[in-house]
Amino acid sequence: MNEEQVYSIRLGGGFADSNDLGEILLGDWNRYPKDTSVINLDAGWCFVENMSDLPLDWYLKGGVSYFDENGYADDILEITLYVKVYWKIDFLQNRVRLGLGEGLSLANEVPIVEIDDARKGDGTLDPTSKFLNYLDISADLDLGRLLHVESLRDLYLGYTLKHRSGIFGVFNRVHGGSNYNMLTLEKNF
């Protein structure tokens, strides 16, 4: 990224996962049986590049997501606002970025995967909420550098884990949440 490239836009899509955040991060994916999915569009602004001469870029990001509830409930819209840091790893003329974002999520309804997560064995529900904490965990690589195509430079293909949760009851007494595995394409400009 150079001084003229302070913005980003990302398009992603993926599926709900039944497993917890930790299990997914360890590579244990389990597609949610109701086969719900998400399409996401995020935009960002880089407010710190190479913080303290380290390969860390900080972004303020916002996004909108469309949750396809696959007929089990009405489809849902969500907005997110979060801060994300990217750790850039350069090697062999390639670049990989590892990202961690933290912020807020507001959906117009509670996704069915979160309702199922909150359902107890006796059929009652733990609290759920439209307003939750948001995590955005990603790993991607620069297609331009990988393919040696200058016009694709700063176009990143990767994986993102989209996570909504109550942080063990901190947000609206919610102990559950949802996870979506997404394939993403992000462009810096």
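Restricting to region 5-41, and then to whatever is of a type in the set (D, E, K, R) and without any contact (Cβ under 8 Å) to a residue 60 or more places away in the chain, can you tell me which residue is farthest from Gly101 (Cα to Cα)? So that I can check it myself, show each step before the final result.
Applying the first criterion (of a type in the set (D, E, K, R)) to region 5-41 yields 10, 17, 20, 23, 28, 31, 34-35.
From what is left, the residues that are without any contact (Cβ under 8 Å) to a residue 60 or more places away in the chain are 23, 28, 31, 35.
On the way: Glu23: 19, Asp28: 21, Arg31: 23, Asp35: 25 Å.
It comes out as Asp35.
Scan the strands (runs of 3 or more DSSP E) fully inside region 21-123 and keep the ones with 1 or more residues being crowded, with 18+ Cβ neighbours inside 10 Å and among the basic types (Lys, Arg). Passing ranges, in order: 56-68, 76-91, 94-107.
State yes or no: is Tyr134 more than 19 Å from Ser165 (Cα to Cα) and hydroxyl-bearing (Ser, Thr, Tyr)? No, not satisfied.
A residue that is of a type outside the set (Ser, Thr, Tyr), under 19 Å from Ser37 (Cα atoms), more than 17 Å from the chain's Cα centre (by Cα) and crowded, with 20+ Cβ neighbours inside 10 Å cannot be found anywhere in region 126-133. Within region 160-189, the residues that satisfy the criterion of being in contact (Cβ under 8 Å) with a residue 40 or more places away in the chain and in a loop (DSSP other than H, G, I, E, B) are Phe171, Asn172, Arg173, Val174, His175, Gly176, Phe189. For region 13-60, taking the residues that are hydroxyl-bearing (Ser, Thr, Tyr) and in contact with a helix residue (DSSP H, G or I) (Cβ under 9 Å, 6 or more places away or on another chain), the one that is nearest to Val110 (Cα to Cα) is identified as Thr36.
Val149 - would you say it is of a type in the set (A, V, I, L, M, F, W, C) and free of Cβ contacts under 8 Å to residues at least 12 places away in the same chain? Before the answer, list the steps.
Details: of a type in the set (A, V, I, L, M, F, W, C): yes; free of Cβ contacts under 8 Å to residues at least 12 places away in the same chain: yes.
Yes: the conditions hold for Val149.
Scanning region 43-88 for residues that are under 20 Å from the mean Cα position of the chain (by Cα) and among the β-branched types (Val, Ile, Thr) returns Val64, Ile76, Ile79, Thr80, Val83, Val85.
Every read-out reported here was derived from the displayed coordinates using simple, explicitly stated rules and does not represent laboratory data. Treat the numbers as computed from the prediction; the structure is a model and nothing was measured. Cβ coordinates were reconstructed from backbone atoms using ideal geometry, including for glycine residues, and neighbour counts include every protein chain displayed.
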